Amino acid sequence: MEKFSIYAPRLINPEENIAPGHRACIGCGEVLAVRYALKAMGPNVIAANATGCMEIISSCLPTTSWKIPWIHVLFENASAVISGVEAARKALTRKGKVPPGRVYCLAMGGDGATSDIGLQSLSGALERGHDFTYICFDNEAYMNTGVQRSSSTPYGASTTTAPPGKVSIGQWSQKKNMAAIAAAHNIPYVATACSSYPFDLMAKVKKAAEVKGPAYVHVLSVCPTGWRHGTDTTIQMGRLAVESGVFPLYEVENGKYKLTFDFPKLRPVKPYLKLQGRFRHLKDEEIEKIQKQVDKEWLKLKSLVAMSMEKKPVAVPAAIESKGQGAGSKGQKAKSKAKKAKPARRPGKKPKKVSRRGKK
Amino acid sequence: MSHRTGLEVSHAAAEAVKLAHVDVVAAYPITPNTHVPERIAEMVANGELDAEFIPVESEHSAMSACVGSSATGARTFTATSGQGLELMHEVLTVASSMRLPIVLSLANRALSSPLSVWGDHSDVMAIRDCGWIQVFAENGQQTFDLLLWAFRVGEDPRVSFPVIVNFDGFHVTHVIEPVFIADQEEVDRYLPPFKPNAVLDPRRPVTMGAYGPPFIYSETKKAQDFALHKSKEVMLQGFAEFEKIFGRKYNFVETYKAEGAKVLLMVIGSFAETAMDLVDKLREKGEAVGLVRIRLWRPFPQEELRQAVRGAETLIVLDRAMCFGTLAPVVSEIKAALYPEEKRPKIVSFVGGLGGRDIRLEEFEYMVRRGSELAQKGQEEIYETIGIR
């Protein structure tokens, strides 16, 4: 482990494609995630950014933090914009108007731009099969406009448009599962990540970029401003979210679920919630309710992982069987395609292996 | 040499797009524009056109994909109608402000509610101030010609603005007309390859779509408006070169038998062709009646308009849209343009042809009679509606 800590930083791409001097809040977990993601992608990329924190901190005319070609159009259309970029690259490459070779197409947005206002354009782009990577930087509310609730805000959190009061707990609904929605499009690669686990994040973004076709990475982006915790506890908060099962890290490769970190025993959610001002108003019975929900979701995820590991398909009634086979053959096709795309790049379970992938 | 052939005008539009060697088309179905993207999709599917066709999930995404594509340096086209244009509205302002020369063929359609798939000019009038260059075609030939012109002018680095070519839904889109379809060689001579100033390319990274705080926003807007006004010179060059190669002449404001006319009709779009028939009829009778048609709607050709109506006593303006609560869109533009004139014609405003309703020859004749009468005694209502029950 000591060796690992010496070598690991040297394996990272030293290039910084989001320049310092931007206006992110102190302790911002999101800009950290962007920085890692760009390191993983390298310089050969075109990015479309939705309106939001990352756009507003980085691109005040006449300055820019972006060292890659970058375009911001509107709030809800980053996926549609990148569809156009990808199609244009395809046409121009075919006609010999740009040098041959693949340029990664990256679309990014916050949780509002992804799971609320931009869900339609994202779904359209995933369904049409454009060759692009979408990264959702999820800080669990509209932080840029002043901490309003989104469909990605977790149950019980206090926000300015779902404040707790005498007759309300605050956020009354459960967090929308965007990664599952992306996976439901049967795209080749879906993953969750967190900037508290930089090597894992970079490995996943790299994998997403290299996959042919659409890929989706959902990144938990800790936000001290909106979550109301110490700016020095950003990394700790991300780790607590992962280790308590509030935000499990996993991959869905060609429909197969795989946990990145499996824990024999999850941490309780209480310490994670207690450190944040947005959950301060919660009483013990409400925390218990959240704990139950987290346990339920974790078990659901584990069963998806277990199903993915099954060698033999589960016996299904005859009536559904034919349908099941159809879906299976489609999945296999996608799998063989993905295999061709990246030989000898098998995901490992241990962090050590993860770090090796960071090198490439 | 170009060849004359009979075809549906929507298909003629698709032919122009094909001859322009377009790289990317993103479109969403909406009546009555659908035949344009359908025909293009067919051309792409058959390998007749080497382009990427993106069948997007909405018009908002259609225009967004066009912005991405044009910013990457691809020649980009889309087509829409009515509600589709309104859904694009938010992205239209971005496309023009980012100076992306996307070409849009707009099959003009009424706006809901009540739902109407039929033609009028409500759609384009609602987005008239979005910063796009906007021209009106009256028939199939003009639609074909103006689409080629749109690519050439819009993509000129001195212009770099998106262009809307308006042609009336059903009245033009769905009719079969004889159209001179140009040769590839002629089109290539007229339309140089698209070479934008800056594109999204990892070899030379640029930031597009940065935000403008108060200390810089006004300057960006002033620069944009200045450039749009200035682009008129290039537009005229585009028309002149078009005439040289294809032999057909266009201008910002066009007249028909307007010399010495005491009464002038002013029509925008395909209904001008019916108005021409009326002018012929009245001229035969010896009446001094003429027609003015507005080809260029944005940037508005104020000076050219003043010249076109100079000497007339009455100007009868037909609008195919309303601006609820105030003057109709075309007439308000005309009144503003003519206000500084010392001697100007009396202006009478009519609204008609809404939601696909036809305006026939006899109704145009009524407009001339009634218009002359109202010019004498003064129009009390801000507009009169043609054929209303």
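Points to keep in mind about this one:
- Kirkwood estimate for region B:253-385, i.e. one over the average of 1/r between Cα atoms, Å: 14.6
- Each label point was placed 7 Å from the Cα along the Cα-to-Cβ direction; for B:His89 and A:Ser168 their separation is 2.9 nm.
- Label-point separation in nm, B:His3 to A:Thr231, each point 7 Å along Cα→Cβ: 7.2
- Sequence-distant aspartates and glutamates (8 or more away, or on other chains) whose Cα lies within less than 20 Å of A:Lys302: A:Asp200, A:Glu243, A:Glu251, A:Glu253, A:Asp262, A:Glu310
- Peptides A:40-46, A:116-122, A:219-225, B:373-379 ordered by packing proxy, namely the average of other Cβ atoms within 10 Å per residue, highest first: A:219-225, A:116-122, A:40-46, B:373-379.
- Close Lys pairs in region B:253-385 (alpha-carbon distance under 17 Å; sequence gap of 8 or more, or different chains): 10.
- Alpha carbon centroid spacing (whole Å) that separates region B:1-51 from region B:245-272: 28
- Gaussian network model of chain B, springs between alpha carbon atoms under 10 Å - residue of B:Asn197, B:Asn251, B:Asn139 with greatest fluctuation: B:Asn197
- Rh by Kirkwood over Cα pairs, then Stokes-Einstein D for region B:3-246 at 0.890 mPa s and 25 °C, µm²/s: 137
- Alpha carbon centroid spacing (whole Å) that separates region A:31-84 from region A:241-283: 28
- Model label sites at B:Asn197 and B:Arg306, defined 7 Å from Cα along the beta-carbon direction, differ in position by 3.0 nm.
- Between B:His60, B:His229, B:His11, the residue with the greatest mean-square fluctuation in the GNM of chain B (Cα pairs under 10 Å linked by springs) is B:His229.
- More than 24 angstrom apart: percent of Cα pairs within region A:115-220: 31
- Under 12 Å, Cβ to Cβ, from A:Val190 - net charge with Lys/Arg +1 and Asp/Glu -1: +2
- The orientation-averaged shadow of the Cα convex hull for region A:2-359, equal to a quarter of the hull surface, comes to 20.1 nm².
- Within region A:193-292, the trypsin sites (Lys or Arg not before Pro) that combine a DSSP coil assignment with at most 14 other C-beta atoms in a 10 angstrom radius are A:Lys265, A:Arg280, A:Lys283.
- Centre separation in Å (Cα based) which lies between region A:11-28 and region B:86-139: 41
- Among the trypsin sites (Lys or Arg not before Pro) in region B:121-167, those placed in a DSSP loop whose Cβ has at most 13 other Cβ atoms within 10 Å are B:Arg158.
- Relative contact order of region A:2-359, pairs being alpha-carbon contacts under 8 Å that are 6 or more residues apart, as %: 16
- Rounded to 5, percent antiparallel among DSSP beta bridges of the protein assembly as shown: 25
- Averaging the sequence gap over all C-alpha pairs within less than 8 Å and six or more residues apart, then dividing by the number of residues, gives region B:253-385 a relative contact order of 27 percent.
- For chain B, the longest principal axis of the alpha carbon atoms and the long axis of helix B:82-97 meet at an angle near 60°.
- Kirkwood estimate for region A:1-96, i.e. one over the average of 1/r between Cα atoms, Å: 15.2
- Relative contact order of region B:3-246, defined on C-alpha pairs under 8 angstrom at six or more residues apart (%): 24
- Axis of helix B:59-71 versus longest Cα principal axis of chain B: the two differ by about 60°, to the nearest ten degrees.
- Entries of A:Lys97/B:Lys18; A:Lys207/A:Lys296; A:Lys258/A:Lys311; A:Lys97/B:Lys232 with Cα pairs more than 22 Å apart: A:Lys207/A:Lys296; A:Lys97/B:Lys232
- The Kirkwood hydrodynamic radius of region B:100-168, based on inverse pair distances between different Cα atoms, is 12.5 Å.
- Taking Cα atoms only, the orientation of helix B:214-230 departs from the longest principal axis of chain B by about 70 degrees.
- Note on the protein assembly as shown: Cα Rg divided by 2.2 N^0.38 Å, N the number of residues, gives 1.10.
- Whichever aspartates and glutamates have a C-alpha closer than 17 Å to that of A:Lys289, once near sequence neighbours (fewer than 8 apart) are set aside: A:Glu297
- Note on chain B: GNM, Cα springs under 10 Å; of B:Asp188, B:Asp123, B:Asp145, the largest mean-square fluctuation is that of B:Asp188.
- As a size descriptor, the averaged projected area of the C-alpha convex hull of region A:36-191 was calculated at 10.2 nm².
- Amide H partners (placed H, <5 Å) of A:Trp66, local residues excluded: A:Ala19
- Sorted into 10 angstrom bins from 0, the C-alpha pair distances of region B:157-303 split as 8, 24, 31, 22, 11, 4, 1 percent.
Values quoted throughout were computed directly from the atomic coordinates according to the rules given, and no laboratory measurement underlies them. Bear in mind the structure is a predicted one, so any value in this text is a computation, not a measurement. Because the Cβ atoms are built from the backbone with ideal geometry, glycine has one as well, and the counts that use them run over all protein chains shown.
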